[in-house]
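J.: Pasting a structure below so you can have a look.
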Amino acid sequence: MRILHFSDLHIGVENYGRIDPQTGLSTRLIDFLSSLDQVVEYALTEDVDLVLLAGDAYKGRDPSQTHQREFATRLARLAHAGIPAFLLVGNHDLPSAVSRATAVEIFSTLKVPHLTVGDNLQNYTIQTKSGPLQILAVPWPRRSSILSREESRGLTILEVRDEIQDRMTAAIGRRAEELDAEVPALLAGHVTVNGATVGSERSMMLGQDHVLLAGALGRPQLDYVALGHIHKHQVLRWDNPMIAYSGSLQRVDFSEENDEKGFCLIELDPAAPQGRRMTDFTFHKLDARSFVTVDVTVPPGEQDPTGVVLRAIARKDVAEAVVRVRVTLPPEAEPHLRDSDLRDGLRSAHYVAAITRETTGDARRTRLSAEAAQGLEPMQALNLYLDGRSMEQERREKILRRAEELLEEERADALGPG
């Protein structure tokens, strides 16, 4: 039994892109759809039994008609080939109001064949060509589905988060006990696990994370734990059972500059004993859009600072990449740094995100085009601002945490109690 696990598709991320003249779509949208095409093509040609998306199909909770059409077109290829797909609900798929539908609920409403939406913490049984497969789904929780208005009244944000974590852990344990030992089983979760290395998903959050322990997910009844939400591919545990984040298919911002992008392929032997069915695991890399940072220090007394920066750019592979340039230079050299020449040196780049200058005794100035700012979430904009500042990582994390708390407080006020 072969299972393809990917996550955090985020259709709709269009920052650092331009309009493609042939299609009228953002080039960044085309990037994300191209990665999904590779996933679908692999599933169709490599005898895959199930395609599992571990949350966050879209960038936001209200995808455009175009985004829905493009996603549905690709799911239809799987459905027509009889390949089951499982869509877990992530935090970006959830609506802002309890009564509203999730971003992927339309597929279950239309009863699309071979497609299951995992929108509740429960066990699902999927029929594949190699036999049945159980999936313990752990979608991103709705606070109101776990805590009543009365229960959450008077609690701080952190206390609510801790209560949600405790209740989710208990519920996962109960569902794991209900699994049929004779049928292969995996857990699909859109969660943050303690100890995972985070990236840009921190800047894309719509609220503050709940954090679960690896032991809460890695139950002995399971053959594999497929995770989403963290954009960096990583294996948290190698056996009993394996716990892995597939990571996102495309880079979202510069925090993912050095991350490999792709999907996981898991092979299970249905005839093997419970918890010992996984026979193979591979990570398949995709050719994602490159993000490149050019850091340059112009030495004192340099008469041609522009030439120094241009030579540094030439040493990098900026062709078709999203590029930022960060220049540190003495005050007397700053008037001689010609931005027009720098942009000419970057003409092969897909997109110039920013050119920043830091001079001795002066605050760093970040030059950001209007196009780059379009579509940025508040936390992404803050991250981009902090990228242009010199500060310790600990202080940066403190600023980001406080910003997340403020955004969550604002969201809680908008939604009301519960």
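The values are calculated or read from the model by the stated rules, or taken from the named source; none is laboratory data. Just so it is clear, the model here is predicted, and its values are computed rather than measured. Ideal geometry is used to build each Cβ from the backbone, glycine not excepted, and the neighbour counts take in all protein chains shown.
J.: Quick one: would you say residue 126 is within 28 Å of residue 168 (Cα to Cα) and in a helix (DSSP H, G or I)?
T.: It is false that residue 126 is within 28 Å of residue 168 (Cα to Cα) and in a helix (DSSP H, G or I).
J.: For segment 2-26, what are the residues that are in a strand (DSSP E or B) and surrounded by 22 or more Cβ atoms within 10 Å (Cβ to Cβ)?
T.: 3, 4, 5, 6, 11
J.: Only one of 71, 32, 107, 86 is buried (at least 22 other Cβ atoms within 10 Å of the Cβ) and under 17 Å from residue 139 (Cα atoms). Can you tell me which?
T.: None of the other options fit; the residue is 86.
J.: Report every pair of residues separated by at least 6 positions or lying on different chains whose Cβ atoms are under 8 Å apart, first residue within segment 109-122 and more than 30 Å from residue 216 (Cβ to Cβ), second modelled with pLDDT under 90 and buried (at least 20 other Cβ atoms within 10 Å of the Cβ).
T.: Here the result reads none, with nothing in segment 109-122 linked to a residue that is modelled with pLDDT under 90 and buried (at least 20 other Cβ atoms within 10 Å of the Cβ).
J.: Are any residues in segment 16-26 over 21 Å from the mean Cα position of the chain (by Cα) and hydroxyl-bearing (Ser, Thr, Tyr), and if so, which ones?
T.: 23
J.: Can you find even one residue in segment 118-132 that is out of contact with any Ser or Thr (no Cβ under 9 Å at 6 or more places or on another chain) and at pLDDT below 95?
T.: yes
J.: Now for a different question. Would you confirm whether any residue within segment 88-109 is at pLDDT 95 or above, under 27 Å from residue 270 (Cα atoms) and not in a loop (DSSP other than H, G, I, E, B)?
T.: Yes.
J.: Further question: Check 141, 95, 63 and return the single one that is assigned by TED's automatic domain parsing to the domain that holds residue 250, within 18 Å of the chain's Cα centre (by Cα) and within 17 Å of residue 191 (Cβ to Cβ).
T.: From the options 141, 95, 63, the qualifying one is 141.
J.: Next question, about the same structure. Any chance you could count how many residues in segment 57-77 are of a type in the set (Ser, Thr, Tyr) and either assigned to a helix (DSSP H, G or I) or modelled with pLDDT of 95 or more (or both)?
T.: Total meeting the criteria: 2.
J.: Return the total of residues in segment 27-56 being more than 16 Å from residue 285 (Cα to Cα), within 19 Å of the chain's Cα centre (by Cα) and either in a helix (DSSP H, G or I) or without any contact (Cβ under 8 Å) to a residue 60 or more places away in the chain (or both).
T.: 5
J.: Within segment 319-350, restricting attention to residues that are under 32 Å from the mean Cα position of the chain (by Cα) and part of a loop (DSSP other than H, G, I, E, B), which residue is surrounded by the fewest Cβ atoms within 10 Å (Cβ to Cβ)?
T.: 347
J.: Look at residue 25 and say whether it is touching a strand residue (DSSP E or B) at 6+ places or on another chain (Cβ under 9 Å) and not β-branched (Val, Ile, Thr).
T.: yes
J.: Report whether or not residue 253 is closer than 30 Å to residue 340 by Cα, among the charged types (D, E, K, R) and crowded, with 19+ Cβ neighbours inside 10 Å.
T.: Yes.
J.: If you don't mind, another one. Working only within segment 165-205, note down all residues that are part of a helix (DSSP H, G or I) and modelled with pLDDT under 85.
T.: 201, 202, 203, 204
J.: Also, I was wondering about something else. Being outside the structural domain of residue 232 (by TED's automatic domain parsing) and without any contact (Cβ under 8 Å) to a residue 12 or more places away in the chain narrows it down to one of 338, 315, 324, so name that one.
T.: One residue alone meets the criteria, 315.
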